[in-house]
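Have a look at the structure below, then the notes.
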Amino acid sequence: MTLNGKSTPLKVLPDGSLEKVSGQILNEDGTEPLPGVSLLILNQRDTTDEFGKFEVTIPLDMQRLNYSISGQKEGYLTLSQNFTLDGGPVEFRMQKK
């Protein structure tokens, strides 16, 4: 940033608004929630509940808008997808093997 002809570096710090990544995992056609999916987002692990929902807390120094998710459940292909947070929950679908 330049002010009055002088430049100075600025450090941008997260404000904590990206602390949680929450969402739901559904079957391939989106009609059924998938409970028991093991998830990994930025080395943070979670397992979906009976409604296929999850919530992962992201440490302040790792918060950003773009993430990748990995999910595994027996009988389904591994979920591996990049996504961008837009302020709301995210939704993913998994395909049967």
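The values are calculated or read from the model by the stated rules, or taken from the named source; none is laboratory data. Computed from a prediction, not measured in an experiment: that's the story for all the values here. Every residue, glycine among them, receives a Cβ derived from its backbone with ideal geometry; neighbour counts consider all protein chains shown.
Miscellaneous remarks
- Residue among Glu32, Glu50, Glu55, Glu91 that is touching a Lys or Arg at 6+ places or on another chain (Cβ under 8 Å) and among the charged types (D, E, K, R): Glu55
- Residue count for segment 14-44, restricted to those that are touching a Ser or Thr at 6+ places or on another chain (Cβ under 7 Å) and either without any contact (Cβ under 8 Å) to a residue 12 or more places away in the chain or of a type in the set (Lys, Arg) (or both): 1
- Here Asn66 meets each of (1) at pLDDT below 95; (2) out of contact with any strand residue (DSSP E or B) (no Cβ under 6 Å at 6 or more places or on another chain); (3) of a type outside the set (D, E, K, R) with one exception, condition (2).
- When restricted to residues that are in contact (Cβ under 8 Å) with a residue 24 or more places away in the chain, more than 21 Å from Gly36 (Cα to Cα) and of a type in the set (A, V, I, L, M), segment 48-78 contains 2.
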